[in-house]
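Engineer: Got a structure for you, written out below as structure tokens; questions coming shortly.
The values are calculated or read from the model by the stated rules, or taken from the named source; none is laboratory data. Keep in mind it's a predicted model, so treat the numbers as computed, not measured. Reconstructed Cβ throughout: ideal geometry from the backbone, glycine too, with neighbour counts over all protein chains shown. Just so you know, the surface numbers come from the protein's heavy atoms only, side chains and all, with ligands and any DNA or RNA stripped out. Shrake-Rupley method; radii C 1.70, N 1.55, O 1.52, S 1.80 Å.
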Amino acid sequence: MINCLAVLLTVIGSLDKVRQVVAAHGFLSSTPAFDGQGVAMNGASDLLVEVFGEAGRHTRTSVGVAGLPLDFTASVYLIVEVG
């Protein structure tokens, strides 16, 4: 999530321009037996609320996948309203 915020800052120039975090989607490399993807994404969601307050509350998807490009552990993306 920190990388997402860094990219967002680079693109829009200031995080103060964020009106609402609409959604956060996380894909986590997992074994078939692991079912804690939602718990793993809680830290990311909590950070958004900490940074943006009520505007950081969002819908979320947490999905376990067999693998990710470049052997990443997680891939997270945001949908954000700016103004």
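Engineer: Give the residue that is farthest from Gly83 (Cα to Cα), with candidates limited to residues of the stretch 6-24 that are under 12 Å from the mean Cα position of the chain (by Cα) and crowded, with 17+ Cβ neighbours inside 10 Å.
Structural biologist: If we take residues in the stretch 6-24 being under 12 Å from the mean Cα position of the chain (by Cα) and crowded, with 17+ Cβ neighbours inside 10 Å, then Ala24 is farthest from Gly83 (Cα to Cα).
Engineer: What is the number of the single condition among (1) surrounded by 14 or more Cβ atoms within 10 Å (Cβ to Cβ); (2) without any contact (Cβ under 8 Å) to a residue 12 or more places away in the chain; (3) over 14 Å from Met1 (Cα atoms) that Val49 does not meet?
Structural biologist: (3) is the only condition that Val49 fails.
Engineer: Are any residues in the stretch 70-83 over 11 Å from the mean Cα position of the chain (by Cα) and open to solvent by less than 100 Å² (accessible area, probe 1.4 Å), and if so, which ones?
Structural biologist: If the condition is that a residue be over 11 Å from the mean Cα position of the chain (by Cα) and open to solvent by less than 100 Å² (accessible area, probe 1.4 Å), then Glu81, Val82, Gly83 are the ones that fit.
Engineer: Right, another one. Output the residue which, of all residues in the stretch 27-46 that are part of a helix (DSSP H, G or I) and either basic (Lys, Arg) or touching a Leu at 6+ places or on another chain (Cβ under 6 Å) (or both), is surrounded by the fewest Cβ atoms within 10 Å (Cβ to Cβ).
Structural biologist: Here the answer is Ala40.
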